[in-house]
Amino acid sequence: MQQLEQQRIFFKNQNTKDLGFRKKALKRLQEEIVAREDAICDALYADFKKPKFETLAAETQFVLAEIKNTLKKLHYWAAPERVHGSLMNWPSSDYIYKEPYGNVLIIAPWNYPFQLALAPLIAAVAAGNTAIVKPSEVTPHTANIIEAIIKASFDAAHVAVVQGGVDTSQALLAQKWDYIFFTGSTRVGKIVYESAAKHLTPVTLELGGKNPTIVDGTAAIAKAAKRIVWGKFLNAGQTCIATDYILVHRSVKEQLIAELKKSITAAYGEDASNSNDYARTVSAEHFGGLKEMLQGEEILFGGQTDATDNFVAPTLVNEPKWDSKLMEGEIFGPILPIISYEKEEDLTPYLERYGKPLATYVFSTRKSFQKKIIENHSFGGGAINDTVIQITNKRLPFGGVGNSGIGAYHGKRSFDLFSHHKSIVKKANWFEAPVRYPPYTLPMGIIKRIKHLF
Ligand code: NAD
């Protein structure tokens, strides 16, 4: 692969090591994004009618904020970090050097096609790597604008875009990389991990999951409904950390359903297909899958579909069966199953059925219940009395665990993720502790009694 070969040489020649070089490249990227912000919004609208506000908030401004923060902090993040020495090594100065891995591959999905290709790229560049970005083929307009922006911002020997589908992705994965950053489904994540293992390449896998939202009998129901509806129907339900299904206490189920209906209508009107603030499902294939999930289900609200536009209305489904299509795996669309529970123990089979989800949300005013869910169950991250918002704080690591992924990023963690942390001890020559060398003369008892030896 010619681009990768070029990038190998570029990296080996130390071109990316200079912080000034990295900053200049990021500034060019910043300028290109700012200059094309309207065109990016148009591309996402052309791909799946993503509302402009959502593109600005969750794609372009999100990415620009990452660049701004990185430019401001890069100097500190990249500096060798001095740590206390150990008595064993005394006298020495000990450091952690942040070393770029080298040649990075970034594979992006279609649901936040701009953010999820660019946010990892910013960190890869900041950390001094070269990168090849493969955007999703499912959102071709966005892929084209990503390619145009990257071409205008970087020398191809530094950062390049390779467009294509599964075959292209697999051809890229067959190469030897120094780091692979993948965002997508758990199924493909396993393929990526397997390919990486052949070369012992480290990976970040940002995968999906079936995220529960629990609403107990003490929750502030109207507020809960509003916040669930916002997080679920944003991007037409195609958000990896959106609520997948609701587990609601029987005592408040009817009230919650009434409030969910009210919130959906308040957000998108009587007919969401007329709303400028409601996206479409991304493809005919995805649309077909969602339609199939609705077969035989009891629809409480919504349920309208339009194949000409890949439109699926915000839909509430009552008590889908355990073995239904809807409850088989991640829905990843604007369909919201509502399942009631009686006792807290009834929650466990759901919370354990799908492996560790990317997110879990709890609506409750009982601190003990909130604590129990946070501490007794493993999941990527979440929120109490809200949904999705954990992604908006750059100080919080964003990533999954188990089935939902490996590794986490955002803010400084993104920089750290793309850097090998190299430990260096700088030893002084003016002193030598003779007890270290054989023949060992120190009585064994003393070594056990010395505190802070390491
Ligand atoms: P996907 O796994 O189908 O595709 C992701 C990327 O992998 C695309 O670029 C695609 O071309 C490539 N690809 C697809 N099949 C491949 C194969 N067999 N071999 C090699 N490469 C292949 O995912 P998607 O449909 O684009 O995105 C939706 C999924 O991504 C959902 O499961 C969602 O939860 C997840 N997701 C996770 C996060 C996160 O941050 N954790 C963010 C967004 C989306």
Point to revise | Index of the failed condition, Glu147 passing every other in (1) near the ligand (Cβ under 9 Å from one of its atoms); (2) assigned to a helix (DSSP H, G or I); (3) free of Cβ contacts under 8 Å to residues at least 40 places away in the same chain; (4) within 18 Å of Leu116 (Cα to Cα) | key: (1)
**Study point:** Condition met for Ser195 (touching a residue at least 40 places away in the same chain (Cβ under 8 Å) and surrounded by fewer than 23 Cβ atoms within 10 Å (Cβ to Cβ))
**Key:** no
Practice item. Give, as residue ranges, the helices (runs of 4 or more DSSP H) completely inside the stretch 364-454 that count at least 1 residues that are crowded, with 17+ Cβ neighbours inside 10 Å. Key: 367-376, 412-417
Exercise for review: Take the stretch 195-219 and flag every residue that is near the ligand (Cβ under 10 Å from one of its atoms) and out of contact with any Asp or Glu (no Cβ under 8 Å at 6 or more places or on another chain).
Suggested key: Ser195, Thr204, Leu205, Glu206, Leu207
Review point. Taking helices (runs of 4 or more DSSP H) that do not extend beyond the stretch 1-72, which have at least 2 residues that are under 24 Å from the mean Cα position of the chain (by Cα) and under 21 Å from Val133 (Cα atoms)?
Key: 19-35, 37-48
Check your understanding: Which residues, taken from the stretch 181-193, are of a type outside the set (Gly, Ala, Ser) and within 10 Å of the ligand (Cβ to nearest atom)?
Key -> Phe182, Thr183, Thr186, Arg187, Val188, Lys190, Ile191, Val192
Review point. Hey, among Thr218, Thr201, Thr243, which residue is surrounded by 24 or more Cβ atoms within 10 Å (Cβ to Cβ) and in a loop (DSSP other than H, G, I, E, B)?
Key: Thr243
Practice item. Please enumerate the residues belonging to the stretch 161-180 that are among the charged types (D, E, K, R) and more than 10 Å from the ligand (Cβ to nearest atom). Key: Lys176, Asp178
Practice item. Please work out if Gly355 is within 16 Å of the ligand (Cβ to nearest atom) and under 17 Å from the mean Cα position of the chain (by Cα). Key: no
Check your understanding: Among the residues of the stretch 150-170, which ones are within 22 Å of the chain's Cα centre (by Cα) and outside any helix (DSSP H, G or I)?
Key -> Val159, Ala160, Val161, Val162, Gln163, Gly164, Gly165
**Study point:** Number of the exception - Val248 against (1) surrounded by 19 or more Cβ atoms within 10 Å (Cβ to Cβ); (2) away from the ligand (no atom under 16 Å from the Cβ); (3) within 17 Å of Trp230 (Cα to Cα)
**Key:** (3)
Exercise for review: Specify which of the listed residues (Phe48, Phe21, Phe62, Phe10) is on the phi < 0 side of the Ramachandran plot and surrounded by fewer than 16 Cβ atoms within 10 Å (Cβ to Cβ).
Suggested key: Phe21
Review point. Just to be sure, is Glu81 acidic (Asp, Glu) and either in contact (Cβ under 8 Å) with a residue 24 or more places away in the chain or within 16 Å of the ligand (Cβ to nearest atom) (or both)?
Key: no
**Study point:** All positions within the stretch 106-134 that are part of a loop (DSSP other than H, G, I, E, B) and more than 7 Å from the ligand (Cβ to nearest atom)
**Key:** Pro113, Phe114, Ala127, Gly128, Asn129
Exercise for review: Could you identify the single residue in Ala58, Ala43, Ala65 that is in contact with a His (Cβ under 8 Å, 6 or more places away or on another chain) and of a type outside the set (D, E, K, R)?
Suggested key: Ala43
**Study point:** the stretch 183-212, residues that are over 17 Å from the mean Cα position of the chain (by Cα) and under 27 Å from Lys232 (Cβ atoms)
**Key:** Pro212
Exercise for review: Kindly list the number of the only condition in (1) buried (at least 21 other Cβ atoms within 10 Å of the Cβ); (2) modelled with pLDDT under 95 that fails for Leu336.
Suggested key: (2)
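The values are calculated or read from the model by the stated rules, or taken from the named source; none is laboratory data. Predicted model only: the values in this text are computed from it and were never measured. A quick note on method: Cβ atoms are made from the backbone with ideal geometry, for glycine too, and the neighbour counts reach across all protein chains shown.
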